[in-house]
Structure formats: structure tokens, C-alpha cells
Amino acid sequence: MQSIQPIHQNIKDLTRTGLRAAVSALDQPAYRASQIHQWLFSHRAGNFDDITILSLALRRRLSSMYTVRTATLDEHREESDNGQDIPTTKFLVRMPDGQSVESVLIPSGDRITACISSQAGCPLKCSFCATGRMGFIRNLSPGEITDQVFLLNDFLAERYGEAKKITNLVFMGMGEPLLNMTNVLDAVLTLTDQHYRFSLPQRKITLSTVGLVPEIGILGDSSVKTKLAVSLHAAIQEKRESLMPVAHDYPLDELKRALSEYNRKTGQPVTLVYMLLDGINDSPEDARALVKFAKSLFCKINLIDYNAIVNIKFKPVYTGTRELFMRSLLDSGLQVTVRKSQGATIDAACGQLAAGERPHIP
Ligand code: SF4
């Protein structure tokens, strides 16, 4: 009878604390964990034999218990007329099991933001989103999340020189990060670990959620201090539910209480992301509802443009409508930023590249 080989855990899924436990179980001193961390994440070892600082015997023992699996960059598309030195670039990243997810590099002045995925597909079915239409495939492991950042940093270094590095990270790609919170937070710990060559401060990382109330509570209590963005998109309950079915489970009043509690526990603001959709959520009444929701929160509002997707009924708003909407928020004393659409020609809305859908620009 053929024996079934166990699938060993990818050692890149372990944080440095996890690596410490792993080496301790092998009767190795704690500093080995830092060495392995450095070789995996800074020197980008592709297998245990690459970690030449370890004895052959230890490499053999590790490879009998773990593997080193690495994602690869597949297709990429560039939008060079973005007014920046570096084009907005969207990647299809292929995971070791062949599953693909999307990651995007978004340059803006001195900043280079990487937008990465936390899940393959997504279970939440927001009506404006191509990923939601794909359905849920699986959670990404911590190593698969961090690999996206390493690969994009490598791409930047190869194309534009070592000085170009990711400065900010947003979890706004495929998936709802707070539905995969343990793996996302482990990935954040690795990416912000000082042993990692490109270590980012935790406050340069933003987790984005549709507004999962229990998970926002857990995040407020966590020792990991990233920024939090909430995709609001409507401050009128029925409208929000029609755009985001999950809003039915977490009504606006509960969400507001959770955000207020998050403000209190962390002392940090939240970003309310509001995507303006022509004729859907862009009226004076919508603006008034948004003011009412946001007024007593420690928050800023980020108005964003919609990247139109073929077969989805929504359209981006006209500039004049956006200006009027923004003016009414500013007049109410709210802090507002506007993010203009980048990547309209490269399918940069999440899920478009993986779903193979071309954007439809009116
Ligand atoms: S917008 Fe985000 S949460 Fe909603 S379906 Fe798309 S990936 Fe999922």
C-alpha cells in the first residue's frame, strides 16, 4: 500500500516567537530562531540548504519537519500615466498550490503603498466587488501574505533600484482581513520584525474591514497596533445592506459603538472609507447621514472613486458631484481626504485581474 506523505508546515508561516518554540523543541539555543528568521525573510532562502549558517544536521532535521514554500509573481500590468516616477502596477501572485491572488503597488510622491490580499476569493459578496463574485476559496497563510510584500519589494529593487521600497501596506486586496485575523496578525508581526531587512512600523500598515464588530473589538485589545480602515460606503442602513450584505449582521449603530470603543481603547482614529457610486450613495441626504455617523467618532473620511467593472451596474460619480459631497462633509467640520482612482486601465479594483474582467469606463 502506498503511504501518504504528511504535508509539512511552511516554516515561513511562523513568526519569530513561533520559530523560537520550534528551535527550542529541537534543543537549539534561542538565537537560532533569529538566524533562521533572517535567512528566510531578509536573505530570502528558498530551501533549508540555502541557510548555510546552520549545520547540515540541523538543516536535515528542519527539513524533516517543515518545508520552505514560496509564492511567485505571475502576470503584471502597469498604468504609467499616473503622474508618478513609478507606474501603478497590479500583480497576479501565484501561491505554491497554484491559487492566484492580487497585489498592487501604488506610488504617490515619496510613498509606495502595497495593497495585498488576505484571502483567495471572499465570502462576503459586496455587490460592487469582483472578488465577492468569485466566492470564497481559502484563507492565505502568514507566509503567503508576507510573500506578496517580499515579491513586490524585489520587483521594485530590480526595476527601479534598491532605494525604492514599500513604505506603506494596506490590506485592501482580495478578502476580508478580519475573517483571517490570526494569520494576518502573524504576517504583520513578521513584516514589522526588526530582524526583517525591510521592517515596516506597525502604524504604516492599515487593516481594512467591512465592519465586523466582534473582530474590531478583538483588534482594539490586540498588542498589534496597525491602523484601521472601515469600508462604510453608506450611512443609511438599508442602503448599506444592499451594497454589503454583511451589514445586516452588524447594523450601523452597533458598528458605531464598536468604533467608538476602538477609539477609546487605542487612542487612535479610524478611517471611514466611502466609495462614491453615481446615483446610489452620493446625494445630499447620504452626505447628511455620513456626517451624523462620523460626527462623534475620532475619524477621518476617505472618499474614493469606483473603478467600474464590466457586468456590474455601478458607475463612478462625476467630479462636480464629488466636490459637492466633500464640501458638505468639510462644512460639518469633518476631516476628509479624496483618493482619485488609480489603475483604471489595469483592472485595479480588487478581484478584477484574478476574475479576468476588464473595466468598463463610461
Ligand atoms: S469588497 Fe472586500 S469584503 Fe467585500 S466582497 Fe470584496 S473583497 Fe470581500
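Below is a table of values for the structure above.
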{"read-out": "Qualifying residue in the stretch 184-195 (condition: closer than 23 Å to MET244 by Cβ, in contact (Cβ under 8 Å) with a residue 24 or more places away in the chain, within 16 Å of the ligand (Cβ to nearest atom) and in a helix (DSSP H, G or I))", "value": "yes"}
{"read-out": "Pair list, Cβ < 6 Å and 6+ apart or interchain, from the stretch 245-266 residues that are under 10 Å from GLY211 (Cα atoms) to residues that are open to solvent by 50 Å² or more (accessible area, probe 1.4 Å)", "value": "ALA247/GLU241"}
{"read-out": "Subset of the stretch 274-296 [touching a strand residue (DSSP E or B) at 6+ places or on another chain (Cβ under 7 Å) and crowded, with 21+ Cβ neighbours inside 10 Å]", "value": "TYR274, MET275, LEU276, LEU290, ALA294"}
{"read-out": "Search result, residues across the stretch 126-143 that are more than 10 Å from the ligand (Cβ to nearest atom) and either outside any helix (DSSP H, G or I) or open to solvent by 20 Å² or more (accessible area, probe 1.4 Å) (or both)", "value": "ILE137, ARG138, ASN139, LEU140, SER141"}
{"read-out": "Selection within the stretch 199-216 - assigned to a strand (DSSP E or B) and either on the phi > 0 side of the Ramachandran plot or among the small types (Gly, Ala, Ser) (or both)", "value": "SER208"}
{"read-out": "Pair list, Cβ < 9 Å and 6+ apart or interchain, from the stretch 209-231 residues that are under 10 Å from THR266 (Cα atoms) and within 16 Å of the ligand (Cβ to nearest atom) to residues that are acidic (Asp, Glu) and open to solvent by less than 30 Å² (accessible area, probe 1.4 Å)", "value": "none"}
{"read-out": "Residues of the stretch 249-270 satisfying the condition of being open to solvent by less than 30 Å² (accessible area, probe 1.4 Å) and either in contact with a Ser or Thr (Cβ under 7 Å, 6 or more places away or on another chain) or not in a helix (DSSP H, G or I) (or both)", "value": "VAL270"}
{"read-out": "Residue in the stretch 224-231 that is over 30 Å from PRO284 (Cβ atoms) and either surrounded by fewer than 18 Cβ atoms within 10 Å (Cβ to Cβ) or among the aliphatic types (A, V, I, L, M) (or both) present", "value": "yes"}
{"read-out": "Residue tally, condition open to solvent by less than 10 Å² (accessible area, probe 1.4 Å) and within 14 Å of the ligand (Cβ to nearest atom), over the stretch 105-125", "value": "6"}
{"read-out": "Count - residues of the stretch 276-315 that are touching a helix residue (DSSP H, G or I) at 6+ places or on another chain (Cβ under 9 Å), among the aliphatic types (A, V, I, L, M) and under 21 Å from LYS227 (Cβ atoms)", "value": "5"}
{"read-out": "Pairs, first farther than 17 Å from VAL230 by Cα in the stretch 120-136, second near the ligand (Cβ under 8 Å from one of its atoms) and of a type in the set (Phe, Trp, Tyr), C-beta under 9 Å, six or more apart", "value": "none"}
{"read-out": "Qualifying residue in the stretch 257-269 (condition: within 16 Å of the ligand (Cβ to nearest atom), at pLDDT 95 or above and within 30 Å of ASN153 (Cβ to Cβ))", "value": "no"}
{"read-out": "In the stretch 78-98, residue farthest from LEU243 (Cα to Cα) [restricted to those that are open to solvent by 10 Å² or more (accessible area, probe 1.4 Å) and under 17 Å from the mean Cα position of the chain (by Cα)]", "value": "ARG94"}
{"read-out": "Residue within the stretch 297-308 that is open to solvent by 40 Å² or more (accessible area, probe 1.4 Å) and of a type in the set (Asp, Glu) present", "value": "no"}
{"read-out": "Which listed residue, of LEU169, LEU152, LEU156, is at pLDDT 95 or above, of a type in the set (A, V, I, L, M, F, W, C), more than 12 Å from the ligand (Cβ to nearest atom) and in a strand (DSSP E or B)", "value": "LEU169"}
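The values are calculated or read from the model by the stated rules, or taken from the named source; none is laboratory data. Every value quoted in this text rests on a predicted model; they were computed, and no experiment measured them. Methodologically, a virtual Cβ is constructed for each residue, glycine included, from the backbone with ideal geometry; neighbour enumeration extends over all protein chains shown. The protein model used for the area step is the full one, side chains on, heavy atoms only, and it has no ligands, DNA or RNA in it. Shrake-Rupley method; radii C 1.70, N 1.55, O 1.52, S 1.80 Å.
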